[in-house]
1. Would a scan of region 230-240 turn up a residue that is in contact with a Lys or Arg (Cβ under 9 Å, 6 or more places away or on another chain) and among the acidic types (Asp, Glu)?
2. Pairs only if they're at least six apart or on different chains, beta carbon under 8 angstrom, first in region 12-32 and touching a residue at least 12 places away in the same chain (Cβ under 8 Å), second of a type in the set (Ser, Thr, Tyr) and outside any helix (DSSP H, G or I); list them, first residue then second.
3. Checking the condition over 25 Å from Pro361 (Cβ atoms), at pLDDT 95 or above and out of contact with any helix residue (DSSP H, G or I) (no Cβ under 7 Å at 6 or more places or on another chain), which residue from Arg25, Arg111 passes?
4. Can you confirm whether Tyr296 is among the aromatic types (Phe, Trp, Tyr) and over 30 Å from Arg386 (Cβ atoms)?
5. Checking the structure you have, find out if any residue of region 258-273 is surrounded by fewer than 19 Cβ atoms within 10 Å (Cβ to Cβ), over 30 Å from Lys42 (Cα atoms) and not charged (D, E, K, R).
6. Would you be able to say whether some residue in region 28-37 is loosely packed, with under 15 Cβ neighbours inside 10 Å, in contact with a Gly (Cβ under 8 Å, 6 or more places away or on another chain) and under 30 Å from Asp395 (Cβ atoms)?
7. Report yes if Gly46 is without any contact (Cβ under 8 Å) to a residue 24 or more places away in the chain and of a type outside the set (A, V, I, L, M, F, W, C), otherwise no.
8. Among the candidates Ala426, Ala434, Ala456, which residue alone is crowded, with 17+ Cβ neighbours inside 10 Å and of a type in the set (Gly, Ala, Ser)?
Amino acid sequence: MTERTETGAEDEAVTEAAAEAVARRDLAVRAAVVQGIVGERKPLAGLLDVTGIRRATRALQSAFAAVVPDPALVQHTFAVKATPLVPVLRLLYEDKIGAEVASAGELALARAAGVRPAQIVLDSPAKTVPELREALDAGVMVNADNALELERIDALRAELPDSASTFGLRVNPQTGTGTIAATSTAGATSKFGVPLRDEGAREAVLAAFAQRPWLTRLHAHSGSQGLELAALAEGVRVVHELAEEINAAAGRPQVDTVDIGGGLPVDFTSDRALPSHAQYAALLKETVPGLFEGRYTVITEFGRSLLAKHGLALARVEYTKTSGGRSVALTHAGVQIAVRTVYAPGSWPLRIAAYDAQGRPKEGEEREQDIAGPACFAGDLLAERRALPPLEPGDWVAVLDTGAYGFAHHYSYNSLTRPGVHGFAAGPEGVRFATVRAAQTLAEIVAESGGEHTRALTDDL
């Protein structure tokens, strides 16, 4: 199976949307500098394009509505781990996107955002009994990871017979890894779900469903960045095949819902949002037509593909220098906001856009420069030998495509404070900002580092 190619019309629409996003970005950077969202005392901030996010959610919904007989047969959720910020979850929820959570903390964020329990999916691979009890008490959807977890759910269902929760089982189709092994979830030895190709595993799954009439869902998440669409679709095909087998054995449509996960990769080399959700939905319809005939509800769990393109980290250039003949710009953005890029730059490259001290697109003949962060280790680099107009102290760099798995996931190296995050809307009246998360203070750094227990090791013991 090969990936579908986009039509000329879709290509033109994607290009136009990208150009509009760049224009909004340039307006937002300029406004952030002028309005004091960033400055000498606030040298780093995350910016989220609300217009871009909303357009992405509409595109996702339209893509799947086009391949099902009834749009009500598709339920979209957002992978909270991608951007765990309560206002973001609320924005998505108001646009009819639920929440996929993988921890008690993420469940708390979704509930704080007001997401209804029936639109929350809990997928953690290491759920504790108290966490499961809370989920059942709240009535959220639960996907069990393994046979032992199913036994825990058996006991909790007896304890909480009035729970409104629905239940599924996560399986690993073992259809192969992509180019980034660390984020692949469908390899032979993935830690997630029941490995379907292991000896006796498929039979065990059939038995588990036969013993539990209340088990009505199957879940699989075949991969993430670095996996081709055809591989994602093949994982879904395998799970649909299993659902059909379970229903045939039961003599009734016991499995009525297939959770296909997310995993649509993002192009980190351009502003274009490709591959698109429309391309993926069309390929799924072609590969697994039986899933979209009206007999199953489909749940999605997209994260990176919804938010990455619509966020940037804006960082001040503090110093510039040369070292060994290399030009280096020392900025306030590094490992603390882009940990994957710093530790695995080949797998997680990020684009850098240059702006002058007033927040205007930087001009000048491009030359190779290293973009370095503030952390105290040599590898804290966001980009090496990147061709950019010559940077100077006081300029700004925008670290692009960080709206997911970026500045919202702070890494506390050197006790660097978490940056503030601001949503923006650019319109005829100018650019307006709203605080999504306030910047962390030094007092908060001290407090979370045991500041209230200064003498615990000297006096209390």
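1. No, every residue in region 230-240 fails to be in contact with a Lys or Arg (Cβ under 9 Å, 6 or more places away or on another chain) and among the acidic types (Asp, Glu).
2. Val14/Ser276; Ala18/Ser270; Val29/Tyr355; Arg30/Tyr355
3. Going through Arg25, Arg111 in turn, just one is over 25 Å from Pro361 (Cβ atoms), at pLDDT 95 or above and out of contact with any helix residue (DSSP H, G or I) (no Cβ under 7 Å at 6 or more places or on another chain): Arg111.
4. The answer is yes for Tyr296.
5. no
6. Yes, some residue in region 28-37 is loosely packed, with under 15 Cβ neighbours inside 10 Å, in contact with a Gly (Cβ under 8 Å, 6 or more places away or on another chain) and under 30 Å from Asp395 (Cβ atoms).
7. Criteria not met by Gly46.
8. Within the list Ala426, Ala434, Ala456, the selection yields Ala426.
The values are calculated or read from the model by the stated rules, or taken from the named source; none is laboratory data. Keep in mind the model is a prediction, meaning the values are calculated, not measured. Note that we place each Cβ from the backbone using ideal geometry, even for glycine, and neighbour counts take in every protein chain shown.
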